[in-house]
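One structure below.
The values are calculated or read from the model by the stated rules, or taken from the named source; none is laboratory data. Remember, predicted model here, so these are calculated numbers, not experimental data. Cβ coordinates were reconstructed from backbone atoms using ideal geometry, including for glycine residues, and neighbour counts include every protein chain displayed. Remember, those area values only see protein heavy atoms, side chains included, never the ligands or the DNA or RNA. Shrake-Rupley method; radii C 1.70, N 1.55, O 1.52, S 1.80 Å.
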Amino acid sequence: MYPVTEDQASLVEMVTQFAAESLAPHAAEWDETHYFPVEVLREAGALGMGGIYISEEFGGSGLSRADAVLIFEALAAGDSTIAAYLSIHNMVTWMVDTYGSREQRAEWVPQLASMEALGSYCLTEPGVGSDAGALSTRAVRDGDDYVLNGVKQFISGAGAAGLYIVMARTADTGSHGISAFLVADGAPGLSFGPLEKKMGWRAQPTRQVILDDVRVPVSAMLAAEGEGFGIAMSGLNGGRLNIGACSLGGGQAALDKSVAYLKQREAFGSPLIENQALLFQLADMDTELETARTMLARAAIALDNDDADKVKLCAMAKRVATDAGFSVANAAIQLHGGYGYLSEYGLERIVRDLRVHQILEGTNEIMRMIVGRSLADN
C-alpha cells in the first residue's frame, strides 16, 4: 500500500551504510563511556541529516516526512540513541525554518542543517511533564529585551547544543500565554544541571537547562507572542513519527540478531530456527514491526499532506511503533536466553534505549488520550 520509491531506496541505502560504518561499530563503547559523538553528528550533517525535511533555501535537504521515517529507522538500526538525538535536532531545525523570521532562518538554519550547531528543545519542566500548558518558566518584557527565568528538565543535548528553543510564559492565560525563544549557547545566565544518570540513551547528554535572568532581544522570539505552545505541539507531530521510526530501527536490529542467533545455535540435536514455537515468535515480531511501519507511513503521508486527521494519526503511529519496537527487542532477549542478558550481544542496550521512547514526545497514555478525544469531539 505504501511502496518505497527508487529514490527512497537509494536514500535508505546511503543512510544504512553510514549507520553500519559510523554508528554501529561504536554504539556499545559510546553507551558504556557516556560519549556524545559530536564529530560523527557533523558527518551526518554533511550528508544532509541535520535538516532532513527542511527547505533547501538555507541548506536543508528538502525531503518529506515519508522520507524521514525511513531515514530514522535506518539510523537507529546502527545506534538508536544517536538516531533519537538526530530526531530531536531535526525538530529544532524545522521549527526555526518554519516559524522563524528570514533573519532568524538565515542565521541559524545553515548552522543547524550542517550540525555545526546542535539544537535542543526546551519544553518540559521539573514539575510539569505531560501538562505542558502549565509550564512556569517566565519571559518578562524589559524594553527591547525579554528576561527569562526558569528550569527545563530532561533536555537532550543540553550543554553541547548551540541553540536552545525555550518555551516560556509571557502571559497568565494557560497554553495561550506561552511564547518560544531562541537562546544561543553562552548567553549570560544560561547554565546546566549535572548529567542525568539514565537507564538508556547514555550516549547523549540529558541535563536541566537553567535560565537565571537570561536576557534575549525581542528579535529572538520565534513567531509572535503567545504562539509558543502551538509551535511546540506542531513540532511534536513530526517528532512522534521520528521517534517511532527510531523504535522500529532498534526493533528490526534486535529481530535480525535473533534470526541469526537461532540459525547458528543448536539445542536438542538441531538448530533452534527449526523449532516451530520459536518460528512463531519470530513471525509475531516481524508482523508487529511491519504493522507499525505501515502505520508510520500512513501518518507521515498525512503530515506531508497536512490532512485534517494528521494529529490523531501521528499519535496512533507513535504509540504503535514505540510499543512494537520495545516489545520486539524485549522478546529478542528471551530468544537469546542468558546470552541476551550480556552486554556483548547488544540486545540489553537496545531494550534500555527503546524503553524511553514510550515516554518522551508525549507518553503513550497521552497518545491514547489524543486519539480518544478526537473520537469524542466528532
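Of note:
- Accessible area of D213 (1.4 Å probe, protein heavy atoms only, ligands and nucleic acids ignored): about 90 Å².
- Label-to-label distance, nm, for residues given as S55 and D145 (7 Å Cα→Cβ offset): 3.2 nm
- Which of M369, M285 is most accessible, then next, and so on - probe 1.4 Å: M369, M285
- The orientation-averaged projection of the convex hull spanning the C-alpha atoms of the chain amounts to 19.1 square nanometres.
- Percent of Cα-Cα distances greater than 15 Å, calculated over segment 94-142: 60 percent
- Candidates S156, S175, S270, ranked by Gaussian network fluctuation over the chain, Cα under 10 Å, top entry: S270
- Relative to the globular-protein estimate of 2.2 N^0.38 Å, the Cα radius of gyration of segment 153-297 stands at 1.57.
- Three semi-axes of the equivalent ellipsoid, segment 77-192, Cα gyration tensor, whole Å, largest first: 23, 18, 13
- Contact order relative to length of the chain, as percent, for alpha carbon pairs under 8 angstrom and 6 or more apart: 17 percent
- Per residue, the chain exposes an accessible area of 43 Å² to a 1.4 Å probe, with every protein chain left in place.
- Remark: relative contact order (segment 297-378) = 31 percent; criterion is Cα-Cα distance under 8 angstrom and separation of 6 or more residues.
- Distance between segment 1-63 and segment 263-288 - C-alpha centres, whole angstrom: 32 Å
- Probe 1.4 Å - accessible area at H34, Å² to nearest ten: 100 Å²
- Estimated vicinal HN-Hα couplings, Hz - segment 7-14 in sequence order (Karplus 6.51, -1.76, 1.60; Gly, Pro = x): 5, 5, 4, 5, 4, 4, 4, 5
- Ranked order, H176, H336 - accessible area, probe 1.4 Å, largest first: H176, H336
- Segment 239-378: Cα Rg divided by the 2.2 N^0.38 Å rule of thumb: 1.18
- Residues T287, T81, ordered by accessible area of protein heavy atoms at a 1.4 angstrom probe radius and largest first, appear as T287, T81.
- The length gained by stretching the chain between S191 and Q264 to full extension, at 0.36 nm per residue less their Cα-Cα distance, is 21.1 nm.
- Taken over the C-alpha atoms, segment 1-139 has Rg and Dmax values of 16.2, 49 angstrom.
- Carbon-plus-sulfur accessible fraction, the chain (probe radius 1.4 Å, protein heavy atoms only): 52%.
- Proximal lysines relative to K198, as straight alpha-carbon distance under 28 Å, when same-chain residues fewer than 8 apart are discounted: K152, K257, K318
- The stretch between V12 and L342 holds 115.8 nm of extra length on full extension. This uses 0.36 nm per residue minus the Cα-Cα distance.
- Calculated FRET efficiency for the pair R298/T5, C-beta based, R₀ 22 Å, to 0.05: 0.85
- Bridging of K263 to lysines at a Cα separation below 17 Å is possible for none of them, once same-chain residues fewer than 8 apart are set aside.
- Backbone N under 20 Å from the D377 label point (7 Å along Cα→Cβ), restricted to segment 209-231: 226-231
- Cα convex hull of segment 318-378, projected area averaged across orientations, nm²: 4.4 nm²
- Coarse-grained scattering of segment 26-85 at q = 0.14, 0.23, 0.29, 0.30 Å⁻¹, given as base-10 log I(q)/I(0) from a Debye sum over alpha-carbon atoms: -0.42, -0.95, -1.24, -1.28
- Largest GNM mean-square fluctuation among A302, A254, A245, using the chain with Cα springs under 10 Å: A302.
- Size of segment 264-331 from its Cα atoms: along the principal axes, largest to smallest, the extents are 57, 16, 16 Å.
- Area accessible to solvent at V151, 1.4 Å probe radius, in Å²: 50 Å²
- Euclidean distance between Cα centres, segment 321-357 to segment 137-198, Å: 35 Å
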